[in-house]
């Protein structure tokens, strides 16, 4: 593929400071990680909070406040369509909108309609996804820098175990999950596969990726990704390519002489 063209860890604790990150960005990230989601709002207090935020929205815009029935309908829509939002997200979306810091051309035309609310919250969803990804990248880098790296001998031994385990998996006609694309790039960068990649394998890999994406999306397995990070064509392409790489590396493993690879394995081969 010309390289079938990867995602962050999760941190449950409250992050209070981070270099080159604003307090508002940290608040948003912490709410994303720890705040109660709308899908879990079941009590009368929960529903009252959402309704109050909707009324607040209209008040901040200086437009007609929706009546009780309209407010309940909007609240129901938000909970159904944005289940992974929290009360913080609704408030933050409105604050950004009022300060003209949200990238949207949505116009309320004097009232809070569901179409208007949807446009604003979708724009906020993209904003939130960008911030979450930015903060998570910084946290991952700090975590990586704090880990004491294993010795070269330990890395070699661990990689040999990984190769054996992967080969055993595909030998049982099971699909090996290549976490982090470790083996995919190992095979590719060390010229252990045919280059350029045969067209037949490229097509089979992409077809597999498309089928897996469709299957997972229909089964709601990708729901958190779609709702949490702001689903775009680029996100879909990344997911399809991830499954395509998984198909390719399983194909390589089936045909590889793992014992020979292990015999010739050097630390340079696994240092990227």
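Values computed for the structure shown
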item: Residue in the range 190-211 that is at pLDDT below 95, within 17 Å of the chain's Cα centre (by Cα), in a helix (DSSP H, G or I) and more than 30 Å from residue 160 (Cβ to Cβ) present; result: no
item: All positions within the range 236-272 that are over 16 Å from residue 197 (Cβ atoms) and not in a helix (DSSP H, G or I); result: 257, 264, 265, 266, 271, 272
item: Conditions (1) assigned to a loop (DSSP other than H, G, I, E, B); (2) under 27 Å from residue 32 (Cα atoms); (3) not assigned by TED's automatic domain parsing to the domain that holds residue 36; number of the one not met by residue 84; result: (3)
item: Search result, residues across the range 158-186 that are over 13 Å from residue 270 (Cα atoms) and within 26 Å of the chain's Cα centre (by Cα); result: 166, 174, 175, 176, 177, 178, 179, 180
item: Test result for residue 138, in the same structural domain as residue 96 (by TED's automatic domain parsing), surrounded by 15 or more Cβ atoms within 10 Å (Cβ to Cβ) and not in a loop (DSSP other than H, G, I, E, B); result: yes
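Residue by residue, here is whether (1) within 20 Å of residue 127 (Cα to Cα); (2) more than 22 Å from the chain's Cα centre (by Cα); (3) modelled with pLDDT under 95; (4) surrounded by fewer than 16 Cβ atoms within 10 Å (Cβ to Cβ) holds:
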residue: 12; (1), (2), (3), (4): no, no, yes, yes
residue: 16; (1), (2), (3), (4): no, yes, yes, yes
residue: 25; (1), (2), (3), (4): yes, no, yes, no
residue: 34; (1), (2), (3), (4): yes, no, yes, yes
residue: 42; (1), (2), (3), (4): no, yes, yes, yes
residue: 70; (1), (2), (3), (4): no, yes, no, no
residue: 90; (1), (2), (3), (4): yes, no, no, no
residue: 109; (1), (2), (3), (4): no, yes, yes, yes
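The values are calculated or read from the model by the stated rules, or taken from the named source; none is laboratory data. Here the structure is a predicted model, which is why all the values come from computation and not from measurement. Glycine also receives a Cβ, built like all others from the backbone with ideal geometry; neighbour counts cover every protein chain displayed.
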